[in-house]
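Worksheet for the structure shown next.
The values are calculated or read from the model by the stated rules, or taken from the named source; none is laboratory data. Computed from a predicted model, the values in this text were never measured in an experiment. Neighbour counts are summed over all protein chains in view; Cβ atoms, including those assigned to glycine, are modelled from backbone coordinates with ideal geometry. Only protein heavy atoms, including side chains, enter the accessible area calculation; ligands, DNA and RNA are left aside. Shrake-Rupley method; radii C 1.70, N 1.55, O 1.52, S 1.80 Å.
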Amino acid sequence: MARIRMAYGMEARLITRHADVRAVLADPRFSRAATAGVDVPRSSPVMLHDASIVTMDPPEHTRLRRLVAQAFTKRGVETMRPRVVEAVAELLDAVEEQGPPADLVTALAQPLPILVICALFGVADERSDTFRKLAHTMFTGTEQQEVESAFGEIMAQITALVAERRRTASDDLLGRLVSACDDDDRLSEEELVGLALALLVGGFENSAQEIANCAALVLSSPDRLAELRARPELVPSAVEEVLRFAPLSVTGGLVRIAVEDVELGSGTIRKGEAVVIDTQSANLDPAVFDDPTEMDIHRSPNPHLIFGHGAHRCIGAELARMELQVALGSLLRRFPRLALALPAQDIPFTKGMLRGPACLPVTW
């Protein structure tokens, strides 16, 4: 458990082993609420909002999560699959019409998740691009003023959407949250905006980067690509392996503060210490995964921790899985000769908090 100092905030302990990461995620003695509005270790200059679902502990966290949980259950997500299949088909129609080469990042990876999450929130397609650009800047921007400006603008956009739902009621997810705030008194105004921010932003950039990572990893291996084309039933396990293998975040997981002394397998965390969990390291732990640095699309079981664990496990995990499965499966079916238009080692990657191809030119 190394002592580290990130770009902003105080010193922390870095948790890297799978068993320790899982233990921290499940243990209520490691508090997220204790980080709200505090100068904790982080790579972004922006401190976390003190009414966000990601900075709450149970029971407050549980109360907010229940308001949106139904939309993100496996059954709820499956009802959205036809719409996602349709959206991917429309995006790939445009790719085919344009002709090769095409950039899968701008043509598929970025527009798909924002279209899906905006549809859930009842945001018109023509406004989705604004949210996409702002969320992308929040996660990939490298200048403090740029990141803070994007954060402020997206908060203003969400506040405007809430005001629209108050003028005209709707049955979309945001409309139901506004009703829970105004009619049922189940969340405050600040909680409403914070929850909408977490869902809109969290539902876009992570999935966009992983769709691009998935395409890059599959297309960079002729053997892997040929097997998936021959056996499309392997797409779900390939997606799980991409989630385990691709180092999405370069900053570790969200910070927690120990509210009392806690013994972990690797040592003791003292009360008041900040801990940073590294899920990417945990997903490469040889104590859990055979040949962890090899991508194996047959791997089963695959207990990766990319979506977290415990109370704060990513609520959009099933939605992200489904988007990745549809995107990869549709690409392989639509373009049987799909190939990278540049050597794999020349793929440029993003900077900032999340890591994925900045562009991914392909041909067919």
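Values as computed for the structure displayed
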| item | result |
| --- | --- |
| Selection count where residues are farther than 20 Å from residue 206 by Cβ and touching a residue at least 40 places away in the same chain (Cβ under 8 Å), scope region 96-119 | 4 |
| Looking only at region 7-16, and only at residues there that are outside any strand (DSSP E or B) and either hydroxyl-bearing (Ser, Thr, Tyr) or open to solvent by 40 Å² or more (accessible area, probe 1.4 Å) (or both), the one that is nearest to residue 279 (Cα to Cα) | 16 |
| Every pair of residues 6+ apart whose Cβ atoms lie under 6 Å, when the first sits in region 1-26 and is without any contact (Cβ under 8 Å) to a residue 40 or more places away in the chain while the second is polar (S, T, N, Q) and open to solvent by less than 60 Å² (accessible area, probe 1.4 Å) | 7/43 |
| Verdict on residue 363 being farther than 25 Å from residue 199 by Cβ, surrounded by fewer than 18 Cβ atoms within 10 Å (Cβ to Cβ) and in contact (Cβ under 8 Å) with a residue 40 or more places away in the chain | yes |
| Single unsatisfied condition, residue 356 versus (1) open to solvent by 40 Å² or more (accessible area, probe 1.4 Å); (2) within 18 Å of residue 239 (Cα to Cα) | (1) |
| For residue 320: the one exception among (1) modelled with pLDDT of 95 or more; (2) more than 19 Å from residue 231 (Cα to Cα) | (1) |
| Answer from 216, 258, 212, 230 - the residue that is open to solvent by 70 Å² or more (accessible area, probe 1.4 Å) and among the aliphatic types (A, V, I, L, M) | 230 |
| Region 68-80, residues that are in a helix (DSSP H, G or I) and open to solvent by 40 Å² or more (accessible area, probe 1.4 Å) | 70, 74, 75, 78 |
| Selected residue (only one of 19, 87, 23 is open to solvent by 50 Å² or more (accessible area, probe 1.4 Å), touching a Leu at 6+ places or on another chain (Cβ under 9 Å) and at pLDDT 90 or above) | 19 |
| Within region 179-200, tally of residues that are part of a helix (DSSP H, G or I) and open to solvent by 10 Å² or more (accessible area, probe 1.4 Å) | 10 |
| Qualifying residue in region 232-241 (condition: touching a residue at least 40 places away in the same chain (Cβ under 8 Å), touching a Phe, Trp or Tyr at 6+ places or on another chain (Cβ under 6 Å) and either part of a helix (DSSP H, G or I) or not aliphatic (A, V, I, L, M) (or both)) | no |
| Selection from region 335-347 of residues that are within 30 Å of residue 43 (Cβ to Cβ) and exposed (fewer than 12 other Cβ atoms within 10 Å of the Cβ) | 343, 344, 345, 346 |
| Hey, residue 70 at pLDDT below 90 and more than 20 Å from residue 351 (Cα to Cα) or not | yes |
| Region 330-347 residues that are closer than 10 Å to residue 220 by Cβ and without any contact (Cβ under 8 Å) to a residue 40 or more places away in the chain, paired with ones that are assigned to a loop (DSSP other than H, G, I, E, B) and open to solvent by less than 40 Å² (accessible area, probe 1.4 Å) (beta carbon under 7 Å, 6 or more apart) | none |
| Test for residue 65: is it among the basic types (Lys, Arg), open to solvent by less than 70 Å² (accessible area, probe 1.4 Å) and more than 30 Å from residue 190 (Cα to Cα) | no |
| Check on residue 152, surrounded by 19 or more Cβ atoms within 10 Å (Cβ to Cβ), over 23 Å from residue 348 (Cα atoms), of a type outside the set (Val, Ile, Thr) and modelled with pLDDT under 90 | no |
| The listed residue being farther than 21 Å from residue 321 by Cβ and not hydrophobic (A, V, I, L, M, F, W, C), out of 207, 266, 249, 237 | 266 |
| Only listed residue being within 20 Å of the chain's Cα centre (by Cα), among the aliphatic types (A, V, I, L, M), assigned to a helix (DSSP H, G or I) and closer than 25 Å to residue 278 by Cβ, chosen from 54, 46 | 54 |
